[in-house]
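Enquirer: One structure follows; several queries about it will come next.
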Amino acid sequence: MTGELLFDILLLFMFAAALATIAALFFVTAPYGRHARAGWGLRIGDKLAWIVMEAPAPIVFALCFALGPHAGSVPAAIFFVLWQSHYIHRAFFYPFGLRHGSRGMPLAIAGVGFAFNAANGYLNGRYIFTLSGGYPDAWLSDARFVGGVALFACGYVINRQSDRTLRRLRRPGEDQYHIPYGGMYRWISSPNYFGEIVEWIGWALATWSLPGLAFAVWCVANLVPRARAHHHWYRERFPDYPAERRALVPGVW
């Protein structure tokens, strides 16, 4: 199998997986975090699970950068920094801020996450640094690049700020959930997911690529049902949960 054929197969699979994911997750909530429950096989610790799931994305992307013939341009370097700024934090810093390590995550979920992030890192990295033919420096002034990077930056800030708000809700060793307030929690239940969706829509626009689009579509397919599940979870468990909050999009849904 040639590298190009493998790339095309993985890309088609990514789009198909997005459709399957959104269909499945509207009926079955992934069993980790606040939705953890028995019956999903062997579990591993949350911190280890997050590292296992997320580490392939920055590692594979970095390998594509190191081996790619078109990694020397300024746009390529910016794409590298954007990707790694998200995933190095997600893989190697975010897990150690978790305060619910006793719940664990099914090994099957961590395994699926590992495979997805390896494939996604490969698709985006190989396209940008090899198959794209290279992004010229003129791309820096293209409206798609400028708008996409701006969206990515906004989503990144929203995502990180929202995660910090959640971490600060509990004291060390506490296992109790609380209602989050402040930031975009004024309007929606899952601003961390909203921020991540905005990030990767920005990425798809800035890279103007099918792998970027596939990732953005998959991100929506994965996080929209989970935001819906979070919203219902909050409403069921907290009688005083703010009635004006929406699930994911302020003032809309």
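Enquirer: When residues of the stretch 143-182 are filtered for being in a helix (DSSP H, G or I), among the small types (G, A, S) and surrounded by fewer than 17 Cβ atoms within 10 Å (Cβ to Cβ), how many remain?
Expert: Adding up the residues that qualify gives 4.
Enquirer: For the stretch 105-142, name all the residues that are more than 29 Å from L5 (Cα to Cα) and surrounded by 19 or more Cβ atoms within 10 Å (Cβ to Cβ).
Expert: Of everything in the stretch 105-142, those that are more than 29 Å from L5 (Cα to Cα) and surrounded by 19 or more Cβ atoms within 10 Å (Cβ to Cβ) turn out to be M105, P106.
Enquirer: Now, a different point. Can you name the number of the only condition in (1) in a loop (DSSP other than H, G, I, E, B); (2) at pLDDT below 95; (3) out of contact with any Leu (no Cβ under 8 Å at 6 or more places or on another chain) that A20 fails?
Expert: So A20 meets the others, but not (1).
Enquirer: Name the single residue that is surrounded by the most Cβ atoms within 10 Å (Cβ to Cβ) among those in the stretch 23-43 being of a type outside the set (G, A, S) and farther than 21 Å from Y234 by Cα.
Expert: R43
Enquirer: Then there's this: From I88, I51, grab the single residue that is crowded, with 16+ Cβ neighbours inside 10 Å, without any contact (Cβ under 8 Å) to a residue 40 or more places away in the chain and under 30 Å from P172 (Cα atoms).
Expert: Checking each option against the conditions leaves just I88.
Enquirer: Residues being in a helix (DSSP H, G or I) and within 22 Å of L151 (Cα to Cα): count how many of those fall in the stretch 55-90.
Expert: Here the count works out to 20.
Enquirer: Does the stretch 214-227 contain at least one residue that is touching a Cys at 6+ places or on another chain (Cβ under 6 Å) and closer than 28 Å to Q84 by Cβ?
Expert: No, because not a single residue in the stretch 214-227 is touching a Cys at 6+ places or on another chain (Cβ under 6 Å) and closer than 28 Å to Q84 by Cβ.
Enquirer: Among R226, R245, R186, R237, which is buried (at least 17 other Cβ atoms within 10 Å of the Cβ) and over 30 Å from D8 (Cβ atoms)?
Expert: Of the residues listed, the single one that is buried (at least 17 other Cβ atoms within 10 Å of the Cβ) and over 30 Å from D8 (Cβ atoms) is R245.
The values are calculated or read from the model by the stated rules, or taken from the named source; none is laboratory data. What you are looking at is a predicted structure, and each value in this text was computed from that prediction instead of being measured. Quick reminder, even Gly has a Cβ in these numbers, built from the backbone with ideal geometry, and neighbours come from all protein chains shown.
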